[in-house]
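The values are calculated or read from the model by the stated rules, or taken from the named source; none is laboratory data. These numbers come from a predicted model, not from an experiment. Note that each Cβ is placed from the backbone with ideal geometry, even for glycine, and that neighbours are counted across all protein chains shown. Ligands, DNA and RNA are stripped out before the accessible areas are found, and what is left, the full protein with its side chains, is counted by its heavy atoms. Shrake-Rupley method; radii C 1.70, N 1.55, O 1.52, S 1.80 Å.
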Amino acid sequence: MESARIIATVARIVRDVGIAEEIAQDALVAALEQWPREGVPDRPGAWLTATAKHRAVDLVRRRETYARKLAEAGRELTEESHDPEPSGPGDIDDDVLRLIFTACHPLLSAEARTALTLRLVGGLRTDEIARAFLVPEPTVAQRIVRAKRTLARAGVPFEVPYGEDRAARLGSVLEVIYLIFNEGYAATAGDDLLRPALCEDALRLARVLAALVPKEAEAHGLAALLELQASRTAARTGPGGEPVLLADQNRRLWNRLLIRRGFAALERAVDQGGTFGPYALQAAIAACHARAATYEETDWPRIAAFYGMLAARAPSPVVELNRAVAVSMAEGPAEALRIVDALAAEPALRDYHLLPSVRGDLLARLGRTAEARAEFERAARLARNERERELLLGRARELL
């Protein structure tokens, strides 16, 4: 939970995100050694940050060429020995935003920028990032290592850029925040469906970024999307942490404040852009769900139309799979099954558990129960999240 803030604070001192990550890990090791003996401090996040800052200053002190940076770091450390911890959802350390823009430098490829930021800011493991990208784990590991080296060799400034530099990095920053939220909203692996801390961090970052670039329509579009998606969090799991499908969710549990914030952000996106970009389109889809008092009242034709626009603007196999779900509700499962079957040969979806899951649902609605059961079982084998696996196996059992 504290990793991103610690790395960002240290990176401001040492100006190297790779070294900053190592120092942050050293601080965590120090906590593992000292806290069992001395007890957990009242403000563990501040303790970790202060410990990491001291180690960073020691490192800078040992490098004569960093004398000026040492003086600056020493003054900061004297003035504030403990960093304050965020007090509310709108409170975020500016260093984290600097860390994101630094990791999203144009020197790096788009894939490397996103992988590095998910690692440093989101705290995701390499395998989780690989799952988010639908690429092999070794590929992601190489991207992260090379990205750190590239930034270090180039001496990239640790800053939030302005003007053209900011515009050049904004797309990658938006993508990173989006992927961090997605990992929190539907965890790749583990025993829990949700990772709320990731959702909260991504939502705070989206809000801060929208305020930082108020004339960027897609920044507001992303903020709108995350507000609306986050509004459903309380209804997405049952008492035991089991997933609750959209059709079965208690909509009284949806957070009306987040929905209102989402609607307002979507209006700002429209005001700035005139037309919908990819994030604003996804937000418009989420808004359709938020406006429906019941699942049966959902405007599926409108959602299918939005997905068609999204597929034209940002084509991808995953978007097409989501479009198939909307089409199945608007036009029936037979038409949707044709779309899904056309995706069967997509390499990116070969190990994507939601492809057989969607196909199983369509087959079940068409009365082809044996085929549907086989698809749900295949989806369960591919799923790495234990909660999702249980849900899929349960759906397979229902068809016996």
Packing-ranked peptide list from 269-275, 238-244, 128-134, 114-120, highest mean Cβ count within 10 angstrom first, is 114-120, 128-134, 269-275, 238-244
Heavy-atom accessible area of ASP165 with all protein chains present, probe 1.4 Å, nearest 10 Å²? 90
For region 236-249, take each phi angle, set θ = phi - 60°, evaluate the Karplus expression 6.51 cos²θ - 1.76 cosθ + 1.60, and give the result in whole Hz per residue in order, putting x for glycine and proline. 7, 10, x, x, x, x, 6, x, 10, 5, 3, 5, 9, 6
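Take the alpha carbon gyration tensor of region 117-272, find the square roots of its eigenvalues, order them as a ≥ b ≥ c, and report rounded if a/c is under 1.5; if not, report prolate when a/b exceeds b/c, else oblate.
In terms of gyration-tensor shape, oblate.
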Amide H within-cut-off set for THR237, under 5 Å, with H built and near neighbours excluded: VAL244
Could you work out Rg/(2.2 N^0.38 Å) for region 310-389, with Rg from alpha carbons only? 1.06
Please list, in order along region 42-53, the HN-Hα scalar couplings obtained from phi with the Karplus expression 6.51 cos²θ - 1.76 cosθ + 1.60 (θ = phi - 60°), rounded to whole Hz, x for Gly and Pro. 4, 10, x, x, 5, 4, 4, 5, 5, 4, 5, 5
Keeping all protein chains in the complex and leaving out DNA, RNA and ligands, what accessible area do you get for LEU391 with a 1.4 Å probe, in Å² to the nearest 10? 50
Sort the chain into rounded, prolate or oblate with this rule: let a ≥ b ≥ c be the square roots of the eigenvalues of the Cα gyration tensor; rounded if a/c is under 1.5, and if a/c is not under 1.5, prolate when a/b is larger than b/c, oblate otherwise. prolate
Probe 1.4 Å, all protein chains present, accessible-area order of ARG323, ARG204, largest first: ARG323, ARG204
Two pseudo-spin positions, 7 Å from Cα along C-beta at VAL318 and at ALA293, lie apart in nanometres by 3.5
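Residues of the chain: accessible area per residue at 1.4 Å, in Å²? Don't jump to the answer; show the numbers that get you there.
Working: 18940 Å² over 400 residues.
For the chain, the solvent-accessible area averages 47 Å² per residue.
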Sequence order, region 152-163: Karplus ³J(HN,Hα) from phi using 6.51 cos²θ - 1.76 cosθ + 1.60, θ = phi - 60°, Hz rounded, Gly and Pro as x, gives 5, 5, 7, x, 4, x, 8, 7, 8, x, 10, x
